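Note sheet for the following structure.
The values are calculated or read from the model by the stated rules, or taken from the named source; none is laboratory data. Bear in mind that the values here come from a model prediction, so they are computed numbers and not experimental data. Positions of Cβ are backbone-derived with ideal geometry, glycine not excepted, and every protein chain shown enters the neighbour counts.
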Amino acid sequence: MQAAVPRFFVESDQVAGGRASLTGLDASHLSRALRAQVGETIVIVERGIVEHGLRLDEVTPSRVSGSIVWSRPVEGEPRLEVHVLQAVPAQAMDATVEALTEAGAATIRPVLTHRTVSRPDPSRVVHRLERWRLIAREAAQLAGRAAPPEVHSILPLRDALGQLPTDARILACVIGQGAAPILRAVPEPPVAVGLVIGPEGGLDAADLRLLDGSGAILVHLGRRVFPSRLAGAVATSLLLAGAGDLDAAAAPAPS
């Protein structure tokens, strides 16, 4: 595979008069880690709506700028919105956020279930949320998405269910003979999905009663058991494949 063209999210005030500029961490990353050069073309995505090819004519650790050489409507977002209610794993939530972003989750909603082992210290929740949002932003840029998924604050499962879109079909991944194959439960867009991923110990009876009262459909991912930190990304990919969102390849940047 060829290396992807570097991609960065920008606001409209960074684009004017056929030019655009990046500062702060983006400029530092481009100039130092990526070693961008004058004359190179990168992709910038303006507010998740339009993407531009930016030919660089200034590259410093504090500022990278250039001229826009092409523009087109942004692509990269699935038609099917998958809102993932992810039980906070005991380890590797950073990697979980990254994988869910790359798979195409519309939002990431960390939840606490009865068997959730990880109970973040309230004094550290804000810091962890900021880190997860930064990880989602960087992963979305690398994955060619139009925008990062929103990472919500940690909530009990009941509260997170109450914040889903009103038309969302709730699917809960479980291990058991009574569950349906996940591909049989894929809705036709624009109906959204609320995808519930339990902790390593699974959803307990109280969680399942809550989900049943919310109209959830129990689904499984086949005969193999995925750890909680990976199950959400696998399930999201299967749902998007079932909805046809993986049928088309990424469009190459204009030459």
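Considering 235, 231, 216, 241, which residue is among the small types (Gly, Ala, Ser) and out of contact with any strand residue (DSSP E or B) (no Cβ under 7 Å at 6 or more places or on another chain)?
241
Quick one: which residue in 27, 20 is of a type in the set (A, V, I, L, M), surrounded by 12 or more Cβ atoms within 10 Å (Cβ to Cβ) and in contact (Cβ under 8 Å) with a residue 40 or more places away in the chain?
20
Within the group 63, 72, which residue is surrounded by fewer than 18 Cβ atoms within 10 Å (Cβ to Cβ), in contact with an Asp or Glu (Cβ under 8 Å, 6 or more places away or on another chain) and basic (Lys, Arg)?
72
All but one of (1) part of a helix (DSSP H, G or I); (2) at pLDDT below 95 hold for residue 223, so report the exception by its number.
Here residue 223 meets the rest and fails (1).
Among the residues in the stretch 127-144, are any in contact (Cβ under 8 Å) with a residue 24 or more places away in the chain, in a loop (DSSP other than H, G, I, E, B), small (Gly, Ala, Ser) and surrounded by fewer than 18 Cβ atoms within 10 Å (Cβ to Cβ)?
no
Look through the stretch 226-243, keep the residues that are out of contact with any helix residue (DSSP H, G or I) (no Cβ under 9 Å at 6 or more places or on another chain) and modelled with pLDDT of 95 or more, and return whichever of them is surrounded by the most Cβ atoms within 10 Å (Cβ to Cβ).
Here the residue is 231.
For residue 171, all conditions in the list (1) surrounded by 14 or more Cβ atoms within 10 Å (Cβ to Cβ); (2) within 17 Å of residue 86 (Cβ to Cβ); (3) under 17 Å from the mean Cα position of the chain (by Cα) hold save one; what is the number of the exception?
In the conditions (1) surrounded by 14 or more Cβ atoms within 10 Å (Cβ to Cβ); (2) within 17 Å of residue 86 (Cβ to Cβ); (3) under 17 Å from the mean Cα position of the chain (by Cα), residue 171 misses (3) alone.
Looking at the stretch 83-112, which of the residues that are of a type in the set (S, T, N, Q) and not in a helix (DSSP H, G or I) is farthest from residue 125 (Cα to Cα)? Even if it seems obvious, please write down each step before you answer.
Within the stretch 83-112, the subset of a type in the set (S, T, N, Q) is 86, 91, 96, 101, 107.
If we keep only those that are not in a helix (DSSP H, G or I) too, we end up with 86, 91, 107.
Working: 86: 16, 91: 15, 107: 18 Å.
Among those residues, the one meeting the criterion is 107.
So how many residues does the stretch 148-197 have that are in a helix (DSSP H, G or I), in contact with a Lys or Arg (Cβ under 8 Å, 6 or more places away or on another chain) and under 26 Å from residue 124 (Cα atoms)?
1
Only one of 35, 55 is assigned by TED's automatic domain parsing to the domain that holds residue 13 and loosely packed, with under 13 Cβ neighbours inside 10 Å. Can you tell me which?
Only one candidate passes the filter, namely 35.
Identify all residues within the stretch 144-168 that are closer than 19 Å to residue 87 by Cα and of a type in the set (Val, Ile, Thr); write none if there are none.
151, 154, listed by residue number.
Filtering the stretch 47-82 down to residues that are assigned to a loop (DSSP other than H, G, I, E, B) and of a type in the set (Gly, Ala, Ser), which residue is modelled with the lowest pLDDT?
The selected residue is 76.
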